[in-house]
Each structure stands twice: as C-alpha cells, then as structure tokens.
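A short write-up of the structure that comes next.
Where a number appears in this text, it was derived from the coordinates with a stated rule and is not lab data. Keep in mind that what you see is a predicted model, and the values were worked out from it rather than measured. Cβ placement follows ideal geometry from the backbone for every residue including glycine, while neighbour counts extend to all protein chains displayed.
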Amino acid sequence: MNFKSFNLHPYIESGIRELGYTAPTPIQIQAIPSILQNRDVMGQAQTGTGKTAAFVLPILQRLMDGQRKHIRVLIMAPTRELAEQIHEAIGQLGRYTKLKSVTIYGGINQYTQASKLRKGVDIVVACPGRLIDLMDKGVIDLRHIEVLVLDEADRMFDMGFLPDIRNILKRLPVKRQTLLFSATMPNDVRDLAESILFNPVNIQIGDAVPVSTVSHAIYPVDQHLKTSLLMKILDCTDMASVLVFTRTKDRAARLAKQMKRSGFLVTSLQGDLPQNKRQEALNGFRNGKYQILVATDIAARGIDVSKISHVINYDMPDTVDAYTHRIGRTGRAERTGDAFTFVTRPDRAFVWTIENVLGEKLERRILANFDYTIPAPESSKRSSRLRRIGKRPCPKKDSKKTGEQHACHFSRSSRLSSGVKRGRKDLSHFPYPDSSSQMKSCRSRSMR
Ligand code: AMP
C-alpha cells in the first residue's frame, strides 16, 4: 500500500514525499480512511507507530477545503514537547498547504501566542492549562472547531488534566469530529472516550508492548555504581544518540553535570528548567550538539528524536507502562534500537513483571572490565538504608532545630542491619549469576 490510495491533496502528497515516507504505517492504514470519512476514532497506539501523521494527514486534507484562518482544529497534548512535535509534524507535512498552526502552552510569554492567534490560524496545538487561561481572557475563539484531537490521553490523566479537559470540552461545539489516542486504555480513559466519542472506530496497534525493533538488556548493578557503569558502557559502545532516564529531576540534573565534568556531550531535560532551556536542550539533542540527554519520564514524554539509538534506564521505571513509553523513544518507525536497564536488587521482582508482559526473558549483561566489587561509600549506604525504611537522612548540622528533624530516627531493623555489613563488600547478589548473562567488553570510544 502507498500514500496515493488515500487520495490526498497533491500539496499534502508533496509534504509526505519530502519527509521520505514511502509507505503508510499500520496505524496510518487503519486511521486515515476513517478520519477522512469524518468518523470519530479511538486509537490505542504506542509512540513510534506513526500516529501523529495518522491524524495530521486527514486533518490537513479536511482543511484544504473551507474557510481559512478560523481555528477549525484543536489538538490537545499533555506536554509542551509533544505539542511542539505535533506542531512541527503539521509544519512539515503541510508545508505546501499554507495552513497555519500555533502552539499554546505555559512557561512562555502569552502575548506572543495571542498575537499569533490574532493573525489567524487553522490549527491550535495546546496544553490544557494555558488554553483555559486564554479562553477565559477571550483571546481564543473555539466556536468554529470541527475536529478535536486528544493525544496521549492516558498521560493527560496521569498528569491530572481531566478536570481541565472536561472544562474545555464544555466550551467546544457539540457537532464535531473527535479523535482520541492513548498508548494504554485504563478505565478512566475508556470512560471519557465513551462520553465524548460518537460511534467511534476502534483501532489498536500493538499491545502496549515495546516496539519489536528494540532489543532489550538488563545490567544488574548496585546503586552506587550506576554512574560509573553508565560511563563505562557509553565509552565501550557505539552509540549515535542516547536517552538516559532517571527517576527524579534532581538526579537527572546531577547525573548530567557529573557526566559533563567527565567530558561527555550531555544535557538534561527536567521539569524545573525554564522553557527556553528545555527547548535548547531538545534542539541540541536533535541536532547532535549533545549525544546524551538525561531526562525524567515527564520531561521526556512524547519526545520524538528519530535517531535515538539507545535508551538507558539509569533508574528502573515505576510501571510496565512507563517502561513501554521510555523504550518507545528508540526503534521508532522501523528503525532498530537498544534499551538497557540498570537493575538493583530491589528492582528484581519488577524485571519479572516486565518479562511477563513482553513474553520473553531479558538478556542479563555483565560488563567484563568493570569493577563491580567497589564498596559503597558510607554516606550512600546510610541514605539507602534510610530510603529502605522510608526516612530522609537526618540533617548533619542543626539537627536539634525543629521537631520535624527530631522525628528522624532509626527503626530496630535498620539499627540491626546498619551494624552488620558496614564497610564490608557485600557482593552476594551482584552481579547475580544467570545462565543468560553475557560478558560485554569495551569496543570503542565514541561518546566524548
Ligand atoms: P510518531 O509515532 O507519530 O511519534 O512517529 C514516529 C516517527 O515515525 C516520526 O519520526 C515520524 O516522522 C516517523 N513516521 C511517521 N510515519 C511514517 C511513515 N509512513 N514512514 C516513515 N516514517 C514515518
């Protein structure tokens, strides 16, 4: 099958050709004809399947007819990065159509956005919060909306946007086409879909299982050795561009700083960064200025950097779904990629869960020339013990200042364990022996 069979406008076909797409992906084959027929769609598709073009192409086709410079399409996205990506895809696929889109999200000057709106646009790609601000101020007129797209609906729920979405929905014309896309279909999303979609076409691509073009491996390692293992792997492996995931914003920033000091071309993306810094990080990663991007889940949501060769989970994700999303950043649209996950002892049970979902055992890898026997420094042992019993470390100084700080004390079990292994190498578990373990050794130095 090729794109000709959709009978798209020649200007749109030129945009497709220019991007080098030769054949539609499965979700495009299923979604485009239905959307062209004005049907509502509920699409379950993971990232990397080509879902953006699946809704952008028929939307552009619809907009080729009818009045210009009225907002006729509203696309809602959970994050600024995803909004920018959709906007970019519209710009690329629609470059010969002269149709205009604008992004609306917080963190940047709203007057610029308002002035673009005043000049007239056909498509608005928005995050919920700023859109509501502009609606309340009467800056944006959504009375002519013909198509509403909710992209990554499950993420919108995760991020607490449901009330905002309902608020926006109330103010849109009832007679419209609605397209809802989500990587997973939890009950919340299904309930929303049932209440806003009319007789939808259901499309399901993949089963929330990471794209098959990705090969997965896990690296058992103690927490305190993760950074040195990461740097060693980067030193040893040919990697074009690498996305590293950490669990917290603070860790993303610290890890990137440490790696930068060691000479890696690295930047970080986390929620505390102002918008211009985020964009700079993303652009730098896209254009190759940085080969490594260290990010948190929220920050990296929806990132489409088509040439990501490796995703490294420095910290294990919290859910299989999060694993799927992270891994979906590599191996996009028929390309191949590698996904490495660092696994500490407490993460092991979760590895089995992932293996169950994938239906295959993940390859265990042990780096041959890496010293796994270096003991943890006392400070990191102490804080990891505290983490295990759910307490923050006591502040060293001024610990008598507040009642809250006094509340920091050890449980009986932690006192017991703290006495046992102090200063000794406890290597009974790592790297844990496994028949599928592979010893990997250095091949090349390509990242610095
Ligand atoms: P998405 O799932 O929309 O994030 O798309 C993932 C990547 O696939 C993006 O880099 C798109 O440019 C690319 N892509 C989308 N459709 C096609 C296609 N038909 N052929 C090749 N690449 C595509």
> In whole angstrom, and with the biggest value first, how far do the Cα coordinates of region 1-59 range along each principal axis?
Replying inline: 28, 24, 18
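Can you tell me the FRET efficiency between GLU363 and GLN67 if r is taken as the Cβ-Cβ distance and R0 is 51 Å, rounded to the nearest 0.05?
Details: r = 56 Å, r/R0 = 1.11.
Result of the calculation: an efficiency of 0.35.
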>> Based on the alpha carbons, how large is the Rg to Rh ratio for region 3-204 when Rh follows Kirkwood?
In response: 0.93
>> So if I average 1/r over every pair of distinct C-alpha atoms in region 109-252 and take the inverse, what Kirkwood radius in Å does that give?
In response: 19.3 Å
>> Number of Lys pairs in region 3-204 with C-alpha atoms less than 22 angstrom apart, excluding same-chain neighbours closer than eight positions?
In response: 16
> Relative contact order, percent, of region 1-147 when contacts are C-alpha pairs under 8 Å separated by at least 6 residues?
Replying inline: 26 percent
